[in-house]
Amino acid sequence: MAKIDTKTMKTMISAGILPLPWFIIWVTIGGMFMPGYSWISQHASEMTLVPGTANILLKIGALGTGVFFILFALGLWRYSDRKISWGAICWIVFGFSMVSNGIWNMGDPKHGFYAIGILNIVAPALSLAENRKLADDRIVYLTTIAVSFSAILYLWLNVTGNDPEGYRGISQRLFSSINSLWPMVVAWRVIANDPMQIRADKNRRA
């Protein structure tokens with residue numbers, strides 16, 4: 001990919017901290033404007049089925065989340081020092097699928113862009129395999145294992161129909177939050193392990 005300076009790269013990677021709180025905040029507020037909406041039993045995308053404030057707020061949440069994922073992925077690509085980073089590409093595709101959630105309504109196949117966002121299941125493991133700096137970080141390594149297995153579990157629940165009907169809102173938020181935890185942890189670890197940042201922190205404590 002095109003050369004990105006280190007400062008810009010780390011700024012882009014730090015965008016990985018934002019998808020989880022950004023989406024949760026907008027979805028929570030949006031649900032308050034949709035009469036009868038249940039965050040326990042209903043998916044967030046169901047807010048797009050009815051025109052109005054909830055629809056708009058949900059789409060703002062999805063658009064912002066997608067953009068943050070894409071920025072994170074571009075920074076991650078640069079951090080991998082690879083010409084082609086398949087893990088970063090998977091995160092970019094997932095980001096675009098989130099953006100599509102903010103453009104098209106639920107029920108339209110372009111909402112989620114034909115379910116292509118399913119690539120997020122392999123994105124953490126691929127990213128870890130491509131980057132020795134991440135693989136050598138025990139916290140990132142353990143987070144990758146937890147996130148990957150939780151993604152497979154959520155897929156299994158949906159494929160087999162074992163996702164409890166009355167609690168699908170909770171399960172969606174729980175597993176999507178776990179998935180969003182990976183960029184958040186990576187952003188934290190990259191910033192925390194930055195030698196310049198470490199020296200700056202030591203100077204502040206001195």
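The values are calculated or read from the model by the stated rules, or taken from the named source; none is laboratory data. Note that this is a predicted model, so its numbers are computed, not measured. Reconstructed Cβ throughout: ideal geometry from the backbone, glycine too, with neighbour counts over all protein chains shown.
Structure summary
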{"quantity": "Residue tally, condition in contact (Cβ under 8 Å) with a residue 60 or more places away in the chain and crowded, with 18+ Cβ neighbours inside 10 Å, over the range 69-84", "calculated": "8"}
{"quantity": "Residues satisfying the stated conditions in the range 9-42, i.e. of a type in the set (S, T, N, Q), touching a residue at least 40 places away in the same chain (Cβ under 8 Å) and within 28 Å of residue 71 (Cα to Cα)", "calculated": "11, 14"}
{"quantity": "Restricting the range 153-169 to residues that are within 21 Å of the chain's Cα centre (by Cα) and surrounded by fewer than 15 Cβ atoms within 10 Å (Cβ to Cβ), the residue that is modelled with the lowest pLDDT", "calculated": "158"}
{"quantity": "Long-range neighbours under 6 Å by Cβ, at least six apart or interchain, first residue without any contact (Cβ under 8 Å) to a residue 24 or more places away in the chain within the range 43-65, second buried (at least 21 other Cβ atoms within 10 Å of the Cβ) and among the aliphatic types (A, V, I, L, M)", "calculated": "47/54; 47/58"}
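So that you can scan it fast, the table gives a plain yes or no per residue for (1) closer than 17 Å to residue 177 by Cβ; (2) within 19 Å of the chain's Cα centre (by Cα); (3) of a type in the set (Val, Ile, Thr):
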{"site": "19", "(1), (2), (3)": "yes, yes, no"}
{"site": "22", "(1), (2), (3)": "yes, yes, no"}
{"site": "31", "(1), (2), (3)": "yes, no, no"}
{"site": "35", "(1), (2), (3)": "no, no, no"}
{"site": "40", "(1), (2), (3)": "yes, no, yes"}
{"site": "43", "(1), (2), (3)": "yes, yes, no"}
{"site": "48", "(1), (2), (3)": "no, no, yes"}
{"site": "54", "(1), (2), (3)": "no, no, no"}
